[in-house]
Amino acid sequence: MEITRKPAKRKRSQVQLIWFRFQKNKLAMLGLIVFTLMVLMAVYVSIFGDYESAITMDMPNKLQTPSAAHPFGTDQFGRDILIRMMFGARISLSVGLLTMVLSLAAGSLIGAAAGYYGGKVDNLLMRVMDVFLAIPGTLLAISIVAALGQGMFNLLLATAVSQIPAFARVVRSAILTVMGQDYIEAARACGTRGSRIILRHILPNAMGPIIVQATLNIARTILGISSLSFVGLGISPPTPEWGSMLSEGKTMMRYYPHLILIPGAAIALAVMSLNLIGDGLRDALDPRLKN
Amino acid sequence: MLRYILKRLLMMIPVILGISFIIFTIMSLTPGDPARLILGEDAPAEDVVKLRMELGLDDPFPTRFARYIANALRGDFGTSYRTRQPVFKEIFSRLPTTFMIAFFGILIAVTIGLPIGIISAVKQYSLIDTVSTIAAMLLTAMPGFFVGMLLILLCALKLGILPATGIATWKHFIMPSLAVASVTMATFIRMTRSTMLEVIRQDYVRTARAKGASKPLIVFRHCLRNALLPIVTVIGMNFAHQLGGTVMIEAVFAIPGLGSHMVTAVRQKDTPVVMASIIFVAVVAGLMNLIVDILYTYIDPRVKTQYTKR
Amino acid sequence: MAEPILKIQDLHVVYRTDESTIYAVNGLNLELFSGETLGLVGETGAGKTTTALSVMRLLPERIGKVTRGRIELDGIDVLASTDADMRLLRGSTVSMIFQDPMTSLNPTITVGDQIGEVLRFHRKGIGQAELAAGVENMLEMVGIPAGRKGEYPHQFSGGMKQRIVIAIALACEPKLILADEPTTALDVTIQAQVLDMMSDLKEKLNTSMILITHDLGVVAQTCDKVAIMYAGEIIESGSAEDIFNGEKKHPYTRGLFGSIPDLTKHTRRLSPIEGLMPDPTVLPAGCKFHDRCPECMEICRAVAPPAVWEGSHLISCHLMGDSGKGGTER
């Protein structure tokens, strides 16, 4: 018996389509590459040097200009700036990611509850979120740090809390938009069960904006962490966090600008690449907006 | 119209109360004994206990909160642990500085950002569009205080044309405002661009073209007014964010504003100052938002007719 | 015979996006004389709006392109004109009434100003008083109290908005009006009012009109000539008599008429035309209607049908040519 195969006209899955559109966006791909490099750098920094060398002072070597041994030079305490920057990447990216996950989880619960149940629950939750949003995020984080003291954990908590309302809003609006679509009503009219509607219709379509927001959120968090560390309310020296590196370098920047240019550029690169990825995702998810 | 303003002001009250509540709750989580902080480590125990009773520190939470609000309404925000001065005076004297930096920052951001955004939209995908988009993204990816430092490096240290620290003259406000502007400029450029793009796609623009209108006329008469509406709203909302960011920028330029005062207070566990500062800022931000909203009702005919026909 | 006010020859229009190319208009020929009303009929996606936009050179800028053909408006070569020339034509020689009145008016400009704009563009040096009088005149003509000229679009109902749009279109007494489904978005009762008004105004000003619609009833009411479009081509055209009462019909036209629900006949099911219009990015060879045609022949699949004339009646179908039932080929 002959088994014949039908020439299948490959139907791309939704995810593949989105990836295809994303790839066409050169800026977004650039952002992705830069960000991936940063992640690799953060993960494999130990190949280049250990943590001790990043924080131990080495005064005889201080303030050296870029050379073979120290590609970015050394700071006023003799520490290799490249290594410090790479460890800084590890700190910023990991804290950024963790913060995002925390605020996403909390925000999603609130937003989903508000969107799905609607009515009084929605009203109450959103009023509370509005009040939180009325406080500038930086200040809210500062207040938490003020109460609980400095340190990485408190910083994480403070930043996460300040981002929750934004997530709650995005999740709620994504869910409401999807729920308002006619195809949900159509699914209900066919007799589809609530749980199936949520799983197959609401979640996949609401995912898009949420992922975009999450990406952009990590960028915002990195900025927030470095800001707080800069004024001494976050991660403090000698930990090589980019913000505190900027604060340390400020006094000597006139004659040794590389002390601030390196960490500043690192922050800018990380944030920008994440923003490019986030924007690229947004365009890839809804190409109608472009044309 | 007046009714609308009153209504909005009234609506602000629960928000302010809510904000105060949240901040008060957070700050009450601070470990340590305020009475001890005021009197010092070596003060005798009875004095501490007496002060605690005086200040009502052992009262239940709702009572303490109510008392705080009642005092605040009279202008009494407590006394700084550190300087023993009334908090209100300290904050109020510094508020104008911070406000002005944030205000000028936004002004600059809008003045530069809006035209660039319009051009980017009208000449979509052109060189100007791509360059300005990338430049804006780069600028916004840098923390405001870093931009401030770069400005100092360039203008003060290398070129010597602007003063680096303090607020003695009007010149001192230029760089801080520019730094604040750099944070939001990108947002305005992108918002303007995307709003204009949306507006350009609208049917009424096609109608205008069908009438024989020229491009500049369409952009300025037909598109701009419509695009401005969401942008104005964003300006108001952004102001709160700006005030928050000014904190860092004050640190860079050694400006004796509200922000640096707050940071010092946090470092020294001066709770009343921190609490009052944040509430103040939130109130100012809320008022700005309200002003912008009122402006909006004058610009948008759909809302205007609703409120002025009476 | 006088020169036609509008002459379109072999028009080809495409829309080019990043992802595909849409062949919207494929070889369209059209002639319209002063005072005539042509009904341009077809399903959604047949290319009717694209044709109208091409006449005014209002295709979406980067995406829409006229790849071939010639459009002559009042003797002027539209496709060869500069932007500045086109601006002079738009609103004064030719104007367009768009489909959706709800979104066609600028929400931030008063109704009076929007009408006044057309007058200001095309009547150089018009004075304030004259302008105001002109605006009020137009409003009265479309049945809206002149005192409302200071109001904004959102303060009017859908029907009134469409009348304002019509006022804008007619303000400079154009020689040709392109009306793109002007009543589709309106209630049936308002529809009748608006159509009557348009007919009156047309009579008064002796304007030519192309009325784009998918409603054959409207066509019967108002049009002198009819052209039926399918997949970017005109497959049948002629006078209203020819189309409605003629015995020979293009199979598609027959399908259109057959699918109209008839109150007098007693049927169990409606009889739509099977299938859908072809994907405009991948047009079929031969006759574009062949895969839906109940009388499709071998030749229809491969060879594009000839244009067969019988007096003023044009049918583009193999059945009509000498391979079919008769008539003369031109």
Q.
Just to confirm my filter: which helices (runs of 4 or more DSSP H) fall fully inside the stretch B:141-221 and include at least 3 residues that are over 23 Å from C:Ile109 (Cα atoms) and away from chain A (no Cβ under 14 Å)?
A. B:174-200
Q) Would it be correct to say that C:Leu276 is of a type in the set (A, V, I, L, M, F, W, C) and either surrounded by 12 or more Cβ atoms within 10 Å (Cβ to Cβ) or outside any loop (DSSP other than H, G, I, E, B) (or both)? A) no
(Q) If A:Thr138 meets every condition in (1) touching a His at 6+ places or on another chain (Cβ under 9 Å); (2) crowded, with 19+ Cβ neighbours inside 10 Å; (3) farther than 24 Å from B:Pro31 by Cβ; (4) polar (S, T, N, Q) apart from one, which number is that one? (A) (3)
Q. Does C:Asp200 count as under 20 Å from C:Val94 (Cα atoms) and part of a helix (DSSP H, G or I)?
A. yes
Q: Scan the stretch C:38-55 and give yes if some residue there is modelled with pLDDT under 90, out of contact with any Phe, Trp or Tyr (no Cβ under 7 Å at 6 or more places or on another chain), in the same structural domain as C:Tyr252 (by TED's automatic domain parsing) and not small (Gly, Ala, Ser), otherwise no.
A: yes
Q) Which of the residues that make up the stretch A:86-129 are within 14 Å of another protein chain (Cβ to nearest Cβ) and aliphatic (A, V, I, L, M)? A) A:Leu124, A:Leu125, A:Met126, A:Val128, A:Met129
Q) Which one of these does A:Gly151 not meet: (1) surrounded by fewer than 17 Cβ atoms within 10 Å (Cβ to Cβ); (2) more than 14 Å from chain B (Cβ to nearest Cβ)? A) (2)
Q: Working only within the stretch C:142-159, note down all residues that are surrounded by fewer than 18 Cβ atoms within 10 Å (Cβ to Cβ) and in a helix (DSSP H, G or I).
A: C:Ala146, C:Gly147, C:Arg148, C:Gly150, C:His154, C:Gln155, C:Gly158
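Here's the yes/no breakdown for (1) surrounded by 15 or more Cβ atoms within 10 Å (Cβ to Cβ); (2) without any contact (Cβ under 8 Å) to a residue 60 or more places away in the chain:
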{"position": "A:Leu37", "(1), (2)": "no, yes"}
{"position": "A:Gly49", "(1), (2)": "yes, yes"}
{"position": "A:Thr74", "(1), (2)": "yes, yes"}
{"position": "A:Gly78", "(1), (2)": "yes, yes"}
{"position": "A:Ile81", "(1), (2)": "yes, no"}
{"position": "A:Gly107", "(1), (2)": "yes, no"}
{"position": "A:Gly111", "(1), (2)": "yes, no"}
Q) Given the stretch A:103-203, what helices (runs of 4 or more DSSP H) lie entirely inside it while holding 3 or more residues that are more than 24 Å from the chain's Cα centre (by Cα) and over 30 Å from B:Ala276 (Cβ atoms)? A) A:119-134, A:152-180, A:182-189
Q | Checklist (1) more than 9 Å from every other protein chain (Cβ to nearest Cβ); (2) modelled with pLDDT under 85 applied to B:Val273, failing item | A | (2)
Q: Would you mind finding the one in C:Thr183, C:Thr207 that is under 22 Å from C:Pro261 (Cβ atoms) and of a type in the set (S, T, N, Q)?
A: C:Thr183
Q | Candidates C:Glu117, C:Glu31, filtered to the one that is out of contact with any Gly (no Cβ under 7 Å at 6 or more places or on another chain), over 30 Å from A:Leu17 (Cα atoms), within 12 Å of chain B (Cβ to nearest Cβ) and not in a loop (DSSP other than H, G, I, E, B) | A | C:Glu117
Q. From the set of residues in the stretch B:84-96 that are in contact with an Asp or Glu (Cβ under 9 Å, 6 or more places away or on another chain) and under 22 Å from B:Thr246 (Cβ atoms), which is surrounded by the fewest Cβ atoms within 10 Å (Cβ to Cβ)?
A. B:Phe88
Q. How about the stretch C:237-252: which of its residues are surrounded by fewer than 22 Cβ atoms within 10 Å (Cβ to Cβ) and over 15 Å from C:Ala307 (Cα atoms)?
A. C:Ser239, C:Ala240, C:Glu241, C:Asp242, C:Phe244, C:Asn245, C:Gly246, C:Glu247
Q: Please give the helices (runs of 4 or more DSSP H) falling wholly within the stretch B:1-89 in which 3 or more residues are within 14 Å of another protein chain (Cβ to nearest Cβ) and within 16 Å of B:Val273 (Cα to Cα).
A: B:2-27
Q. Of all residues in the stretch C:64-104 being in contact with a His (Cβ under 7 Å, 6 or more places away or on another chain) and within 14 Å of chain B (Cβ to nearest Cβ), which is farthest from C:Ala185 (Cα to Cα)?
A. C:Ser92
Q. In the list A:Ser244, A:Ser229, A:Ser236, A:Ser273, which residue meets the criterion of being farther than 17 Å from B:Leu151 by Cα, surrounded by fewer than 19 Cβ atoms within 10 Å (Cβ to Cβ) and in contact with a helix residue (DSSP H, G or I) (Cβ under 7 Å, 6 or more places away or on another chain)?
A. A:Ser236
Q. Filtering the stretch C:163-194 down to residues that are part of a loop (DSSP other than H, G, I, E, B) and of a type in the set (Ser, Thr, Tyr), which residue is surrounded by the most Cβ atoms within 10 Å (Cβ to Cβ)?
A. C:Thr183
Q. Considering C:Glu36, C:Glu61, which residue is charged (D, E, K, R) and surrounded by 16 or more Cβ atoms within 10 Å (Cβ to Cβ)?
A. C:Glu36
(Q) When you scan the stretch A:129-140, do you find a residue that is touching a residue at least 60 places away in the same chain (Cβ under 8 Å) and under 25 Å from B:Thr264 (Cα atoms), even just one? (A) yes
Q: Within the stretch B:45-66, identify whether any single residue is crowded, with 16+ Cβ neighbours inside 10 Å and under 24 Å from B:Ala240 (Cβ atoms), and answer yes or no.
A: yes
(Q) I want to confirm something. Restricting to the stretch A:51-68 and keeping residues that are of a type in the set (Gly, Ala, Ser) and in a loop (DSSP other than H, G, I, E, B), which single residue is surrounded by the most Cβ atoms within 10 Å (Cβ to Cβ)? (A) A:Ser67
**Q.** The lone exception for C:Lys124 - which of (1) surrounded by 16 or more Cβ atoms within 10 Å (Cβ to Cβ); (2) at pLDDT below 90; (3) charged (D, E, K, R) it fails
**A.** (1)
**Q.** Selection from the stretch A:231-267 of residues that are within 20 Å of B:Lys158 (Cβ to Cβ), part of a helix (DSSP H, G or I) and not polar (S, T, N, Q)
**A.** A:Leu246, A:Gly249, A:Lys250, A:Met252, A:His258, A:Leu259, A:Ile260, A:Leu261, A:Ile262, A:Pro263, A:Gly264, A:Ala265
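The values are calculated or read from the model by the stated rules, or taken from the named source; none is laboratory data. Note that the coordinates shown come from a computational prediction; the quantities given were computed from them, not determined experimentally. FYI the Cβ positions are ideal-geometry reconstructions off the backbone, even for glycines, and counts take in every protein chain you see.
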